[in-house]
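Chemist: Below: one structure in structure tokens.
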Amino acid sequence: MSKYNNPKLKISLFHPRYWGTIFFVGFMYAISSLPFKFQLFMGRHVGRLAIRFMPKRLATIRRNLELCFPDMLEVERETLIKENIDNTGIALFETGMAWFWSDRRVNKHVTIEGLDYLNELEKAGKGALMVAVHSMNLELGARAFGIKMSGMGVYRPNNNPCFDYFQYLGRSRSNRTLIDRKDVRTMLDALKSGERVWYAPDQDYGIKRSAFAPLFAVNDACTTTGTSLLVDNTDCAVVPFTMVRDANDHYTLKIHCPVEGFPKKNEQCAAVFINKIVEKSIMAAPSQYMWLHRRFKTRPEGQKPLY
């Protein structure tokens, strides 16, 4: 039995200290009922307004792009930054869509491709480690997928227990359940039993259980070795997927063919391998990726900070 318990609704969550959280979630629910195009319009302007009060986040976005794409023309980089800020604001509204929209409304705006790959794995009784990246619209992608197929998402519980409850409730609405990212045992059990587990190995989780591997133009990005642990101990399939909003504001969740040649029993080679998948996924829609995360904050011993 897992020692990580799912958040429950408790009377303590109605304490005055959480009234702001309850109001915020209520606001998300209210705006999710607005016309879709209007939500996108509001999201872009919220992003532009919010970034004025977050200069460090803006600096992080710019620095990440400089590190990853040193040969990119400055005018191209500035355009990408502006688009990324817009998409950061839209992400707030996309989260509300994911948590509160009806199945019919989600299906109207999201097309899913590649479900046949997962059907074949299911028939073979083989678990699928679905490799994602932290795109801004990942919440909506998870909801759309859960309407069609069950899945188990790996997540970090929020430090605010009230928000964590609503986050869990929203994210598990269509999916089977969520797994605390520290709960490796449950991930392994799920994959061994043929389940589909959503997993995002693209962020910097610190030096523990990691290896340094190239990511774009950065030769030594701190990369989790958790992918190796899960694949080596379950023999699951590794299935990348992407979620992209196109120029017509329609979303496509694309499930790719299970990858071949994953380096087993070799964490360093596996980190290099998985980062190639991450690169390809990010480039499907670079302006919709979470560049505000300090991806290269952990450095090899003796190297200077990049931020």
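The values are calculated or read from the model by the stated rules, or taken from the named source; none is laboratory data. Only a predicted model underlies this, so the values are computations on that prediction, with no experimental measurement involved. As a convention, Cβ positions derive from the backbone with ideal geometry for all residues, glycine included, and neighbour counts pool all protein chains shown.
Chemist: Can you tell me which of (1) β-branched (Val, Ile, Thr); (2) crowded, with 20+ Cβ neighbours inside 10 Å; (3) within 23 Å of Phe93 (Cα to Cα) is the one Val238 doesn't meet?
Modeler: So Val238 meets the others, but not (3).
Chemist: Of the numbered conditions (1) surrounded by 22 or more Cβ atoms within 10 Å (Cβ to Cβ); (2) within 27 Å of Phe273 (Cβ to Cβ); (3) in contact with a Leu (Cβ under 9 Å, 6 or more places away or on another chain), Leu229 fails exactly one; give the number of that condition.
Modeler: (1)
Chemist: Enumerate the pairs (first residue in region 55-80 and farther than 16 Å from Tyr307 by Cβ; second residue anywhere and part of a helix (DSSP H, G or I)) with beta-carbon separation below 6 Å, excluding pairs fewer than 6 apart on the same chain, so at least 6 apart or on different chains.
Modeler: Arg77/Leu65; Leu80/Ser287
Chemist: Would you mind finding the one in Thr234, Thr252 that is under 20 Å from the mean Cα position of the chain (by Cα) and at pLDDT 95 or above?
Modeler: Thr252
Chemist: Can you confirm whether region 195-208 contains a residue that is more than 27 Å from Leu121 (Cα to Cα), of a type in the set (D, E, K, R), touching a residue at least 24 places away in the same chain (Cβ under 8 Å) and in contact with a Lys or Arg (Cβ under 9 Å, 6 or more places away or on another chain)?
Modeler: yes
Chemist: Additional query: Return a yes/no flag: does region 105-117 have any residue that is within 24 Å of Asn6 (Cβ to Cβ) and part of a helix (DSSP H, G or I).
Modeler: Yes, there is a match, as at least one residue in region 105-117 is within 24 Å of Asn6 (Cβ to Cβ) and part of a helix (DSSP H, G or I).
Chemist: For region 241-258, what are the residues that are at negative phi, assigned to a loop (DSSP other than H, G, I, E, B) and either surrounded by 16 or more Cβ atoms within 10 Å (Cβ to Cβ) or among the charged types (D, E, K, R) (or both)?
Modeler: Those that are at negative phi, assigned to a loop (DSSP other than H, G, I, E, B) and either surrounded by 16 or more Cβ atoms within 10 Å (Cβ to Cβ) or among the charged types (D, E, K, R) (or both): Asp246, His256, Pro258.
Chemist: Any residue at all in region 269-277 that is under 24 Å from Ala142 (Cβ atoms), surrounded by 16 or more Cβ atoms within 10 Å (Cβ to Cβ) and out of contact with any Ser or Thr (no Cβ under 9 Å at 6 or more places or on another chain)?
Modeler: yes
Chemist: Continuing with this model, one more query. Find the helices (runs of 4 or more DSSP H) located wholly in region 12-80 whose residues include 1 or more that are within 25 Å of Met283 (Cβ to Cβ), and list them.
Modeler: Helices (runs of 4 or more DSSP H) meeting the threshold: 36-50, 55-68.
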